[in-house]
Number of protein chains: 4
Amino acid sequence: MKKCDAETTVGEMKEAVLAFAKARDWEKYHRPKHLAMSIAIEAAEIMEHFQWLSEAQADEAMQRDEVKAEVAEELADVLMYCMELANVAGIDLAEAYFAKLAKNEKRFPADEDWKAKWER
Amino acid sequence: MKKCDAETTVGEMKEAVLAFAKARDWEKYHRPKHLAMSIAIEAAEIMEHFQWLSEAQADEAMQRDEVKAEVAEELADVLMYCMELANVAGIDLAEAYFAKLAKNEKRFPADEDWKAKWER
Amino acid sequence: MKKCDAETTVGEMKEAVLAFAKARDWEKYHRPKHLAMSIAIEAAEIMEHFQWLSEAQADEAMQRDEVKAEVAEELADVLMYCMELANVAGIDLAEAYFAKLAKNEKRFPADEDWKAKWER
Amino acid sequence: MKKCDAETTVGEMKEAVLAFAKARDWEKYHRPKHLAMSIAIEAAEIMEHFQWLSEAQADEAMQRDEVKAEVAEELADVLMYCMELANVAGIDLAEAYFAKLAKNEKRFPADEDWKAKWER
């Protein structure tokens, strides 16, 4: 049965990649520093899809099914290493995520005119 | 109420960051290319915590509460941009995640001796 | 006396950063893996200057003296770690550079219509 | 005739990649933002060589001729985009490099006990 964002918890994602690593005895490779490098390496692979495109071209490329499928796969790679780093480090990602979002909400008040502030 | 990985869906994460962007009229900045760059920039910030440490030192640093809290916050940043890219591109992350994991399971059979293959 | 690109050899750059590391007994930190991470971290810092800008805005920002000075400093950081990695690994960068350029010249013939090929 | 670091100036490197771009009419693609992304993408490719290796394994891998040749080629890619960004932005890299090194010399005095300071 296909998984979907509306019904999949972060915990299920974390468990799935941990089981994958355990079945291959790869936990010894999944050390924080290796995983941090791996997140950055996969992040660069997402960028490759947009390397030589203008924003307008990138927007348009993103509409194409094959680009969307490729970017989805690279995003999955980034997420997998994020989940494993959280597993290894004992981090609750949802807790960290909503805590950071709350911090950002204070730092960037919704009623400020950001356009005026940022674009000159 | 604190969120936790066991109960938080990917969909809730996606909605939260989308609402944050909408409230600030930031959707215009959240174009695929910008978000891809942002994921890579935040990924580099995770690495900074381990830049000059050996694996053993990195493992040990990861046990310290303040390092753990900092890495959790950087991971939250990476995830936020991943969620927004998925929002903007109409990608179901859970679907992509488990599809990629299934692909990896075939590519890296669990019964192969990976240690013998990889370490010389 | 100010150095300039027309008169400074790659060798001088390599020697200067090696002397800097030696004087601080930092050679023990300058191991290939650390340096590779450091190049990526500094590269991300260059990107930060353009993270939320369109190409047109980035072009314009690059004309401003303070942005130019900041980008120049980030580029210097990237180069420093490249030079140190070459030092540590015994790599002649000029040889590698012109060899790669010759390879690219064959791979991307100058008389091909790249615009027609790449832009749809 | 083979180029070498002792005799090659930064200016020669900058000119070579500029001529390469001009011959293909690629200057239109070589905008600051694109080049910044390209530096980061190539930097990630250097890291890939060390992604799953411990420092000790990375040190040892770096001794092998084929790894050295591959890393040299990735370094050449990073440098090429650095040179082009400097070309496009009108940056003198040698000037920026030695200015940054001088700044670092003040920031990190040579007579300080960095080991004691950094390692706990």
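Points worth noting:
- Residue ranges of helices (runs of 4 or more DSSP H) in the range D:1-75 with at least 1 members modelled with pLDDT of 95 or more and basic (K, R): D:10-23, D:32-48
- Residues satisfying the stated conditions in the range C:1-56, i.e. over 30 Å from A:W114 (Cβ atoms), in contact with a helix residue (DSSP H, G or I) (Cβ under 7 Å, 6 or more places away or on another chain) and aliphatic (A, V, I, L, M): C:A6, C:V10, C:M13, C:A16, C:V17, C:L18, C:A21, C:L35, C:A36, C:M37, C:I39
- Checked against the criterion of being of a type outside the set (S, T, N, Q) and over 16 Å from the mean Cα position of the chain (by Cα), the range B:67-86 contains one or more residues that satisfy it.
This table checks each residue for (1) in contact with a His (Cβ under 9 Å, 6 or more places away or on another chain); (2) small (G, A, S); (3) surrounded by 21 or more Cβ atoms within 10 Å (Cβ to Cβ); (4) more than 13 Å from chain A (Cβ to nearest Cβ).
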{"site": "D:K3", "(1), (2), (3), (4)": "no, no, no, yes"}
{"site": "D:M13", "(1), (2), (3), (4)": "no, no, yes, yes"}
{"site": "D:A19", "(1), (2), (3), (4)": "no, yes, no, yes"}
{"site": "D:K22", "(1), (2), (3), (4)": "no, no, no, yes"}
{"site": "D:D25", "(1), (2), (3), (4)": "no, no, no, yes"}
{"site": "D:Y29", "(1), (2), (3), (4)": "no, no, no, no"}
{"site": "D:L35", "(1), (2), (3), (4)": "no, no, yes, no"}
{"site": "D:I39", "(1), (2), (3), (4)": "no, no, yes, no"}
{"site": "D:A43", "(1), (2), (3), (4)": "no, yes, yes, no"}
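- Residue count, the range A:64-89 (criterion: in contact (Cβ under 8 Å) with a residue 24 or more places away in the chain and at the interface with chain B (Cβ under 8 Å from one of its Cβ atoms)): 11
- In the set (1) within 11 Å of chain B (Cβ to nearest Cβ); (2) more than 17 Å from D:A40 (Cβ to Cβ), C:D92 fails one condition alone, (1).
- The one condition from (1) part of a loop (DSSP other than H, G, I, E, B); (2) at the interface with another protein chain (Cβ under 7 Å from one of its Cβ atoms) that A:P109 does not meet is (2).
- Among the numbered conditions (1) among the acidic types (D, E); (2) in contact with a Lys or Arg (Cβ under 6 Å, 6 or more places away or on another chain); (3) over 28 Å from A:H30 (Cα atoms), the only one that D:E55 does not meet is (3).
- Single residue of the range B:57-100 satisfying the filter (under 24 Å from A:A6 (Cα atoms) and among the β-branched types (V, I, T)) that is surrounded by the most Cβ atoms within 10 Å (Cβ to Cβ): B:V78
The values are calculated or read from the model by the stated rules, or taken from the named source; none is laboratory data. A quick note: this is a predicted structure, and the numbers were derived from the prediction, not measured. So basically every Cβ, Gly included, is an ideal-geometry build from the backbone, and we count neighbours across all protein chains shown.
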